[in-house]
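The values are calculated or read from the model by the stated rules, or taken from the named source; none is laboratory data. In this text, all values refer to a predicted model and were calculated from it rather than measured experimentally. When we count neighbours, we look across all protein chains shown, and the Cβ atoms used for this are built from the backbone with ideal geometry, even at glycine.
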There are 2 protein chains.
Amino acid sequence: MIVTDSAAEAFSWSRRMRSAGLSIGLVPTMGALHGGHFSLIERARAECDRIAVSIFVNPTQSGPGADLSRYPRTPDADLAGCRDRGVDLVFTPASSGRDAVYPPGFQTWVEVQDLARPLCGERRPGHFHGVATVVAILFGIFRPHRAYFGQKDYQQARVIERMALDLRLGVQIEIVPTLREEDGLAMSSRNRYLSSEERIRAVAISRALFEAERLYRSGEVRGSVIEREVAARLGPDSGLRLDYARVLDALTLEPLAGDRIDQAPGGAVVAIAAYAGTTRLIDNILLGSEDRGRPGGA
Amino acid sequence: MIVTDSAAEAFSWSRRMRSAGLSIGLVPTMGALHGGHFSLIERARAECDRIAVSIFVNPTQSGPGADLSRYPRTPDADLAGCRDRGVDLVFTPASSGRDAVYPPGFQTWVEVQDLARPLCGERRPGHFHGVATVVAILFGIFRPHRAYFGQKDYQQARVIERMALDLRLGVQIEIVPTLREEDGLAMSSRNRYLSSEERIRAVAISRALFEAERLYRSGEVRGSVIEREVAARLGPDSGLRLDYARVLDALTLEPLAGDRIDQAPGGAVVAIAAYAGTTRLIDNILLGSEDRGRPGGA
């Protein structure tokens, strides 16, 4: 397994692979790898000839107040986990600083408009601006045939999928189902911030989503009804502080036409963001998309 | 010569060429081809195995008041000119409308910041936003090894060069010297809008640039002095309406440090925009760059 902090080396590696007719799968990460990341890598391994993983805590997708030095870093475990799963190259620009990704004088930004506006886009201004830009750069370095993103960050995946389509980047975006702990909590690098009490409370998020699914399966197709039910379950009694709970069209991330989940061509996404203490957690579930094709799928 | 309005066909053609180990040169144009464009094509022909020309009057780089239907269109002459010069593929999405370049639901924009701010960026808000985005899309379709732009649109070329570098598009940007009519007027598709009287007046623009060059060669290194001299020659007596006349650092397009052309690492650009009647003409000249390497060059 090649480990490099050089974009030039990553670029020439990927060019060699393409020239040899080999397909490249890219898994972009911010490190602190967990089961969710490994499921992306395993999916990539099954579908591509060569697998690259990037580990980079991107400074441009966090608000000005964010303390990046607090972001969890587990470099040795990350590399071991990649090696165990047959990753071919790990790009770790973090170790040589921001310039390895953003060259001196950097001034080009990629902006996806409508899909980046609601949900986390509203709550974290500039976040998707930074996400789209860094992923465009990683796609420039690797020119992957496929790139893998977790459904937990559903809006991020849809923003990147749209960017790849609009700028004709030639990358197939694969959205991989969320991996969960035994009690339902979505796996996330941030979970390690939770105190044991917060960890117990956090399970209310996935429980609210499962309740939304139960309601939909029992015939409730009105987004507003499900939205209210989800929000009620994450009220003050939950010990969490709700940031948002929305039921939106899964393809456009706009309000559901006529409030009807069953009328949306790609179904609906139930999206939640909530704070457990100072840790912001997000999660989501798709409703009504199974029968009409996976959103974002080929 | 292949002529296609299909981005998918252009994409698969370029993939075949790359797979065969052939280098691709792209010349993006808005049609109404003239000697300046043909010099780009000939340069590409000399440097690349396969040449693609795009002809597309991009709707996103003009202000809301612009009437694109007025933009000159000479499709038959354009195709004949390309064929005569050994072009391999002409991409003419204009004939099938905007959707061939911007798919339905398009919402992704590329923005270059500092370089796009002064000069035409100040006078035509949103212009370079549209330029950078459409060129990013064309680079996505063709994945060219080299792309060719005329020095007449100097700021455009520098914006695109920066975009290619920042997003690691892997395209070498070649800036080709401006071609001029016998009296010095820079070749431009817009020249055909000029009345015979305006055509005579328009020569004052290149004369002012040549005077700037003469002053610099005779030892004047202060940008402000040259800027004043250029502006004076394009005053009301010229019959033109000056939009801007600036002497800027040729690499950053910022004001010259210490007002000294000879201290700027890439020299200076003298840039003019002026109206002859209702036609806006631009032109520029580089000072002090010869001895320190071509700006934008490899």
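Brief remarks on what is shown
- If you filter segment B:153-177 down to residues that are of a type in the set (Gly, Ala, Ser) and over 11 Å from the mean Cα position of the chain (by Cα), you find that the one that is nearest to the other protein chains (Cβ to nearest Cβ) is B:Gly170.
- Looking across segment B:254-272 at every residue that is over 17 Å from B:Gly219 (Cα atoms) and not charged (D, E, K, R), the one that is surrounded by the most Cβ atoms within 10 Å (Cβ to Cβ) is identified as B:Ile272.
- When residues in segment B:104-125 are screened for being surrounded by fewer than 16 Cβ atoms within 10 Å (Cβ to Cβ) and under 20 Å from A:Leu167 (Cβ atoms), 3 of them pass.
- Whether a residue is free of Cβ contacts under 8 Å to residues at least 40 places away in the same chain, among the small types (Gly, Ala, Ser) and more than 8 Å from chain B (Cβ to nearest Cβ) was assessed, and A:Gly150 does not pass this test.
- Failed criterion for A:Ala132 (all others in (1) within 21 Å of B:Arg162 (Cβ to Cβ); (2) surrounded by fewer than 22 Cβ atoms within 10 Å (Cβ to Cβ); (3) within 14 Å of chain B (Cβ to nearest Cβ) hold): (2)
- Single residue of A:Arg50, A:Arg85, A:Arg70 found to be touching a Phe, Trp or Tyr at 6+ places or on another chain (Cβ under 9 Å), within 23 Å of A:Glu181 (Cα to Cα) and not aliphatic (A, V, I, L, M): A:Arg85
- Here the helices (runs of 4 or more DSSP H) wholly within segment B:47-165 that include at least 3 residues being within 23 Å of B:Asn191 (Cβ to Cβ) and modelled with pLDDT of 95 or more are B:75-84, B:127-142.
- Once segment B:5-38 is narrowed to residues that are assigned to a loop (DSSP other than H, G, I, E, B) and within 14 Å of chain A (Cβ to nearest Cβ), the residue that is nearest to the chain's Cα centre (by Cα) is B:Ser23.
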